[in-house]
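What follows is a short report on a single structure.
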Amino acid sequence: MDFTLSTEQLALQASVRRFAQHELPEIARRLEEQDEPVPVELRNRYAELGYLGVNLPEQYGGGGLSHLDAVIVLEEMAKISIAVAFPVFESCFGPALAIAHFGNEKLKQSILPRVCAGDSVVAVSMSEPGAGSALTDLTTRAKIQQERIVVNGTKRWCSGAGHSEAYVVYCRLSDQPGAKGIGAVLVEKDTPGLSFGKRDHHMGFRGVFSADMYFDNVTVPRDNLLVPAGGFSKLMDAFDLERCGNTTMSLAVGQSAFDFVLEYVQDRQQFDKPLVDFQAVQIHLAEMKMKLEAARLLLYRAVVNAEQGLPSVGESSIAKCFANETVREVTGKAMQLMGGYGYSREFPIEQKMRDGWGWGIAGGAIDIQKVNIASAVVGRRFNQRAK
């Protein structure tokens with residue numbers, strides 16, 4: 001058991017860090033102020049550097065590297081901001097991986113090279129107005145009619161809605177109740193019948209589009225069927241890897257907040273000495289550091305144990321839940337240590353707190369992760385509908 005990165009991984013980390021710290025801060029500030037996503041030109045730049053699809057197969061334009069390598073790249077990007085990192089998140093931990101694992105060859109050849117080139121972002125469309133945590137209550141329906149699929153319904157809380165070029169849409173493909181009738185279909189943005197509602201603007205996650213999605217007899221080729229009815233468990237297996245991307249985003253936000261406040265408390269003087277010389281400050285720093293290191297080890301365990309496959313629900317849920325709680329605690333402590341400066345928009349901590357809080361909601365709320373963890377511990381799923 002080795003807890004150190006390899007020479008190649010350290011070199012990868014250093015190169016991404018140099019790029020992120022030198023080229024992305026000003027772009028990140030602009031995206032935050034304007035609440036606009038990464039432009040296609042920057043996505044193409046990411047592609048040239050090999051940062052998109054790090055863990056996708058080389059035959060489709062990916063890097064052919066491990067999930068851990070993808071974590072390393074994503075963390076360094078997300079330390080700058082989640083907005084500039086979001087295309088990397090989607091290409092390495094989003095539905096592109098579901099397409100790579102479960103899609104037919106025609107779908108892989110059509111979508112994945114575009115993702116790796118930066119020409120396309122694929123978002124996942126799961127939640128609905130009446131189906132969030134209770135995802136198996138979804139009502140969006142897809143009917144297979146000979147060589148085409150017709151989709152009707154409404155989706156909500158899709159990160160990337162209205163901006164991403166394609167969507168993996170979870171839908172009901174048969175009349176069987178619950179999970180048995182659910183599968184997924186790929187729908188491209190310009191498909192007739194697909195429209196978007198008014199754009200959401202959140203407390204954090206600025207630069208990441210979100211909007212309602214409306215499917216009105218949206219017709220796609222049958223080859224766009226990703227997972228047929230009854231494949232809900234496959235979709236959730238792929239979502240275990242998305243949890244690791246969520247974990248990485250949480251970790252990056254928390255780590256960058258810690259890095260900033262660590263420098264701040266050594267520079268800031270009160271009572272004729274640096275803040276770091278006060279024991280109370282030292283205790284806060286130690287607590288923050290311990291939580292971040294634990295979160296990183298839990299994340300690394302989940303992705304390394306998966307090798308080139310998909311992480312387990314137990315390990316991915318533990319990593320996500322711990323990191324989600326950690327980023328909230330770390331950004332809160334960082335703000336408290338900085339006092340009024342932490343609360344000011346002139347400094348990055350208030351943004352990091354807003355962004356950090358959101359990851360404990362996105363991708364399955366913290367309490368849902370705890371239910372997943374308990375299920376893994378006892379070896380069975382719990383029926384939340386049972387009276």
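Restricting Ala319, Ala362 to residues that are closer than 15 Å to Gly245 by Cα and in a helix (DSSP H, G or I) narrows the list to Ala319.
When the stretch 164-179 is filtered for residues that are surrounded by 15 or more Cβ atoms within 10 Å (Cβ to Cβ) and either at pLDDT below 95 or in contact with a helix residue (DSSP H, G or I) (Cβ under 7 Å, 6 or more places away or on another chain) (or both), the ones remaining, listed by number, are Ala166, Val168, Tyr170, Arg172, Leu173, Ser174, Ala179.
Please pick out the residue among Gln369, Gln336 that is in contact with a helix residue (DSSP H, G or I) (Cβ under 9 Å, 6 or more places away or on another chain) and over 24 Å from Thr248 (Cβ atoms). Among Gln369, Gln336, only Gln336 is in contact with a helix residue (DSSP H, G or I) (Cβ under 9 Å, 6 or more places away or on another chain) and over 24 Å from Thr248 (Cβ atoms). In the stretch 110-138, the qualifying residues are those that are of a type in the set (S, T, N, Q) and either within 21 Å of the chain's Cα centre (by Cα) or at pLDDT below 95 (or both), and the one that is surrounded by the fewest Cβ atoms within 10 Å (Cβ to Cβ) is Ser133. Could you check how many residues of the stretch 90-109 are part of a helix (DSSP H, G or I) and either of a type in the set (Lys, Arg) or surrounded by fewer than 24 Cβ atoms within 10 Å (Cβ to Cβ) (or both)? Residues flagged as part of a helix (DSSP H, G or I) and either of a type in the set (Lys, Arg) or surrounded by fewer than 24 Cβ atoms within 10 Å (Cβ to Cβ) (or both) within the stretch 90-109 amount to 8. Has the stretch 183-200 got at least one residue that is without any contact (Cβ under 8 Å) to a residue 60 or more places away in the chain, in contact with a helix residue (DSSP H, G or I) (Cβ under 8 Å, 6 or more places away or on another chain) and of a type in the set (Gly, Ala, Ser)? Yes; the residues of the stretch 183-200 include at least one that is without any contact (Cβ under 8 Å) to a residue 60 or more places away in the chain, in contact with a helix residue (DSSP H, G or I) (Cβ under 8 Å, 6 or more places away or on another chain) and of a type in the set (Gly, Ala, Ser). Annotation for the stretch 276-295: no member residue is modelled with pLDDT under 95, over 17 Å from Leu337 (Cα atoms), touching a Leu at 6+ places or on another chain (Cβ under 6 Å) and surrounded by 16 or more Cβ atoms within 10 Å (Cβ to Cβ). Could you say whether any residue in the stretch 230-243 is closer than 25 Å to Ala179 by Cα, open to solvent by 70 Å² or more (accessible area, probe 1.4 Å) and small (Gly, Ala, Ser)? Yes: one or more hits.
Please find, within the stretch 1-54, the residue that is farthest from Val73 (Cα to Cα) out of those that are buried (at least 18 other Cβ atoms within 10 Å of the Cβ) and β-branched (Val, Ile, Thr). By that ranking, first place goes to Val38. For Lys370, the requirement of being out of contact with any Pro (no Cβ under 8 Å at 6 or more places or on another chain), outside any loop (DSSP other than H, G, I, E, B) and without any contact (Cβ under 8 Å) to a residue 60 or more places away in the chain is met.
The values are calculated or read from the model by the stated rules, or taken from the named source; none is laboratory data. Given the structure is predicted, the values throughout are model-derived calculations rather than measurements. When we count neighbours, we look across all protein chains shown, and the Cβ atoms used for this are built from the backbone with ideal geometry, even at glycine. Just so you know, the surface numbers come from the protein's heavy atoms only, side chains and all, with ligands and any DNA or RNA stripped out. Shrake-Rupley method; radii C 1.70, N 1.55, O 1.52, S 1.80 Å.
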